[in-house]
1. Any idea how many residues of the range 185-200 are of a type in the set (S, T, N, Q), within 17 Å of residue 427 (Cβ to Cβ) and at pLDDT 75 or above?
2. Pick from 280, 312: which is in contact with a Lys or Arg (Cβ under 8 Å, 6 or more places away or on another chain) and of a type in the set (Val, Ile, Thr)?
3. Find the residue count for the range 343-380, including only residues that are closer than 18 Å to residue 467 by Cα and acidic (Asp, Glu).
4. Would you mind stating whether residue 247 is surrounded by fewer than 23 Cβ atoms within 10 Å (Cβ to Cβ) and at pLDDT 85 or above?
5. Give, as residue ranges, the helices (runs of 4 or more DSSP H) completely inside the range 365-451 that count at least 1 residues that are buried (at least 20 other Cβ atoms within 10 Å of the Cβ) and among the aliphatic types (A, V, I, L, M).
6. Could you identify the single residue in 322, 308, 375 that is modelled with pLDDT of 90 or more and of a type in the set (Phe, Trp, Tyr)?
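The values are calculated or read from the model by the stated rules, or taken from the named source; none is laboratory data. These numbers were taken from a predicted model, which means no experiment stands behind them. Here the Cβ is made from the backbone with ideal geometry for all residues, glycine too, and neighbour counts use every protein chain on show.
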Amino acid sequence: MRPDAQDSDTKPLTADHESPAATQPDGKSRLHPHKDYEKTTPLSLLLQPFQWLQMLSQQLNTSFVVGIFLVYGLSQGFSGSFFRVVTDYYWKDVQKVQPSEVQLYMGLYYIPWVMKPVWGLLTDVFPVKGYHRRPYFVLAGVLGTVAALVVALSGKLAVGVALVCFVGITAAVAIADVTIDACIARNSIEFRSLAPDMQSLCGFSTSVGALVGYSTSGLFIHHLGAQGALGILAIPPASVIGLGLVIYELKTNAVVSSDKNNKVQAVQKLGGAIKGMYQTIQIPQVWKPSLYMYLSLALSISTHEGQFYWYTNPKLADGPAFSQEFVGMIYAIGALASIVGVLIYHKLLKDYPFRKLLFFAQLLYGLTGMLDLIFILRLNKRVGVPDSFFVITEECVSRIVTRIRWIPMIVLSTRLCPLGIEGTFFALLMCIDSFGSLTNKWGGGMVLHIFHVTRTDFSNLWLVVLIRNILRLATLSFIFLIPNVDPSQTIIPADLLGNTIKSGGDEDADNLQLVHFNEEDEV
């Protein structure tokens with residue numbers, strides 16, 4: 001995918017309130033664009049998604065929308081889903097390690113995501129040749145392409161070397177993600193009414209990419225083997241290289257000075273950004289929801305590897321023994337259900353108060369987790385429900401609930417970001433979320449190990465899943481940390497936010513953004 005040539009040559013990646021794109025040719029505002037395309041006729045219903053995309057492209061710029069498709073759809077959606085299935089089989093069939101060990105390795109995948117504030121600081125504070133985004137897209141693409149090709153073409157690698165390659169692949173996705181997230185964060189601040197739409201677009205792109213990745217992963221594993229299939233993962237980062245070469249970006253027209261002065265200015269900007277982040281995270285309206293988001297992820301310990309080893313083991317007398325192709329199909333149908341979850345949120349739930357929506361979403365998340373328990377105890381067989389039908393139903397319900405639970409937390413995160421360091425601070429919030437995911441992977445691995453769930457012994461797997469579900473429901477006791485406001489309301493007072501940024505000590509705080517709006521900037 002490439003941005004429209006005309007648009008990419010004439011518009012910045014993010015829009016400004018004063019830009020001509022903010023108004024219709026007849027002078028009418030598009031700041032509340034939903035009414036323009038919400039019709040009730042059958043034809044309008046069919047055209048609505050395309051009109052919605054057209055509205056977002058006009059309001060936020062075509063290249064921004066294309067960037068979301070590339071990074072969220074191809075790099076995160078397709079690559080993430082394909083990576084998940086292929087690496088599961090790689091550790092199980094090629095390296096032959098225990099499920100608790102795999103949980104530990106999967107936790108290490110999140111280290112690049114935990115480091116997102118570092119990537120955010122680099123893109124916000126340290127432009128390369130005057131560009132804040134292009135060099136980091138190219139860096140991410142090269143890193144991911146090389147890592148994927150090494151693990152796919154080098155024969156059986158040592159466990160440590162393979163793990164380094166996998167971390168390199170996830171690092172490439174994380175770096176590319178930071179630059180797009182910064183644009184999303186700023187647009188969510190400037191266009192509050194479009195914040196849910198942007199997250200819906202991100203969720204939709206990720207789900208479509210995941211659908212393709214999951215539906216093709218089993219076929220590639222069957223024909224190429226788990227290791228050979230990893231070579232496909234070189235395609236998404238290669239596309240990110242192309243994005244870095246062609247994406248429109250304003251070049252900073254900074255005053256050329258001595259190297260010493262440039263270094264001093266960079267250090268001052270870095271110090272101001274770090275100080276601004278520190279002061280912002282101390283605001284109760286910020287640290288309380290951030291703490292909840294961490295706890296909601298950390299307490300939901302992951303049991304994925306134990307369940308994966310169980311339902312793909314062909315030697316179990318009473319196991320489902322799913323094939324590689326069927327596992328991919330399960331995840332693919334789940335990706336379709338994830339799209340349904342995005343649509344449900346976008347059409348019915350996006351205006352609900354954060355606390356109310358997250359309470360019921362977390363409650364459903366805990367209750368629907370009991371379906372895994374029913375499946376592992378084989379209760380579905382006792383009432384005559386086939387394994388294939390039950391597991392597909394469970395996957396669909398789980399994906400819909402997970403998406404409805406996740407999107408409002410991301411929308412809330414974008415509303416907590418201060419102007420000027422929105423890219424870096426959003427990366428910090430996503431770092432907290434990634435640390436929560438790392439915690440649930442390692443916590444799940446520890447529980448699997450304590451209860452002796454191995455490659456062949458699954459007698460206590462049901463107990464591990466039960467503990468996970470109880471912890472999910474226990475998270476509801478922390479729901480008071482979420483602000484009881486709807487997405488259109490201000491969460492952080494404007495004067496408090498302004499004081500926070502000014503106190504960062506950076507005279508150019510307003511310029512700590514991915515796109516500069518100075519009229520003197522040059523392309």
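1. Here is the first cut: in the range 185-200, the residues of a type in the set (S, T, N, Q) are 187-188, 193, 199-200.
The next check asks that each one be within 17 Å of residue 427 (Cβ to Cβ); those that pass are 187-188, 199.
Pick out the ones that are also at pLDDT 75 or above and you get 199.
So the answer is 1.
2. The conditions single out 312.
3. 1
4. Taking the combined requirement at face value, the residue does not satisfy it.
5. In the range 365-451, the matching helices (runs of 4 or more DSSP H) lie at 370-376, 387-415, 422-450.
6. 375
Residue-wise test of (1) closer than 22 Å to residue 175 by Cβ; (2) assigned by the TED database to the domain that holds residue 283; (3) modelled with pLDDT of 90 or more.
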position: 410; (1), (2), (3): yes, yes, no
position: 419; (1), (2), (3): no, yes, no
position: 429; (1), (2), (3): yes, yes, no
position: 435; (1), (2), (3): yes, yes, no
position: 448; (1), (2), (3): no, yes, yes
position: 455; (1), (2), (3): no, yes, no
position: 460; (1), (2), (3): no, yes, yes
position: 463; (1), (2), (3): no, yes, yes
